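I have placed the structure first, in the form of structure tokens, so that the comments after it can refer back to it.
The values are calculated or read from the model by the stated rules, or taken from the named source; none is laboratory data. Keep in mind the model is a prediction, meaning the values are calculated, not measured. Heads up, the Cβs are rebuilt from the backbone with ideal geometry, glycines too, and the neighbour counts pull from every protein chain shown.
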Amino acid sequence: MSPDVVCFFDNKTNSASYVVSDPETGHAAVIDPVLDFDPVSGRTATDSAEKIAGHVSANNLTVDWIIETHVHADHLTASVWLKEKLGGKTGIGAGIAVVRATFGKLFNAADVMDVDVAPFDQLFADGAKFRIGNIEAKVIATPGHTPACVTYVIGDSCFVGDTMFMPDSGTARCDFPGGDAKQLFESLQKIISLPDDMRLFVCHDYGAGGTRDFAWETTVGEQRENNIHIGGGTLEHDYVQMRRDRDATLGLPRLIVPAVQVNMRAGNSPPAEENGTSYIKVPLNIL
């Protein structure tokens, strides 16, 4: 079955969020929603999320799920705000436990270091299934960029998060804590083994360095043949070496410090301190 897929592209973070709906029943999922954040003032805003909520309302959709492909390092999630507005259950890959253990320690976050507790409604194991109306959805664990990365296969469409980008832009970095290039290669094989004509939606696009307009939809077959990092039968050892060499040249995402602290808490702010204010921590000389 073919879901209706509407993209909401945030130019500030180059992030693609999606509303995926069953055209027969009007039931829907929201994938990777963005919460606006100003790193200078520390203020959040919901302009991007309000566009999603407006679309849901205008089309009389029922939101069953608000799901993340991973713990994002380049934008904050609007899942908490959208859940309050639209309902639905939140979900992420079960690998979130590893992410919370790693970053809970890095940020000395006592509320996160209890890895048995995760403030999501659903932690998806590899192979887990759920439904959006009459359309079956399946979860494929695709770690390597982060331990929590998953790909959602919803009808004839798959949502790969940061695991891969448009064919002319390659694949995800693996140098974050918990990342692994060999593991990512194996995950990419899972994705490109899906049917050729399956629609494939990415989470970020940068216009190939400004040489084209922003894009977010391609196909599995196009990725298998033409992705500049993995296409055309790239061998594992060549891919791993390329990834390690390339990652060594990359700076950290601009919003990684606030994004990870919010996103590993399912979109909730860190616990307020005695004065009632929530704070983002910046670890010195660590990242």
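Restricting attention to the stretch 269-283, the residues that are touching a residue at least 60 places away in the same chain (Cβ under 8 Å) and either buried (at least 16 other Cβ atoms within 10 Å of the Cβ) or in contact with a strand residue (DSSP E or B) (Cβ under 9 Å, 6 or more places away or on another chain) (or both) total 2. Residues being crowded, with 20+ Cβ neighbours inside 10 Å and modelled with pLDDT under 95 are represented in the stretch 119-142 by at least one member.
I need a count of the residues in the stretch 174-189 that are of a type outside the set (Asp, Glu), within 21 Å of HIS72 (Cα to Cα) and assigned to a helix (DSSP H, G or I).
Adding up the residues that qualify gives 7.
Assessment of the stretch 104-118 against the conditions (closer than 29 Å to SER21 by Cβ and of a type in the set (D, E, K, R)) yields no matching residue. Which one is nearest to THR142 (Cα to Cα) among residues in the stretch 175-206 that are at pLDDT 95 or above and small (Gly, Ala, Ser)? Within the stretch 175-206, the match that is nearest to THR142 (Cα to Cα) is SER187. Listed here are the helices (runs of 4 or more DSSP H) enclosed by the stretch 197-267 that have at least 3 residues being on the phi > 0 side of the Ramachandran plot and exposed (fewer than 15 other Cβ atoms within 10 Å of the Cβ): 207-210. Just for the stretch 9-36: of the residues that are over 14 Å from the mean Cα position of the chain (by Cα) and surrounded by fewer than 22 Cβ atoms within 10 Å (Cβ to Cβ), which one is farthest from SER278 (Cα to Cα)? The extreme case among them is GLU24.
Say whether the condition of being under 18 Å from the mean Cα position of the chain (by Cα), part of a loop (DSSP other than H, G, I, E, B) and not basic (Lys, Arg) is met by at least one residue in the stretch 47-66. Scanning the stretch 47-66, I find no residue that is under 18 Å from the mean Cα position of the chain (by Cα), part of a loop (DSSP other than H, G, I, E, B) and not basic (Lys, Arg), so the answer is no.
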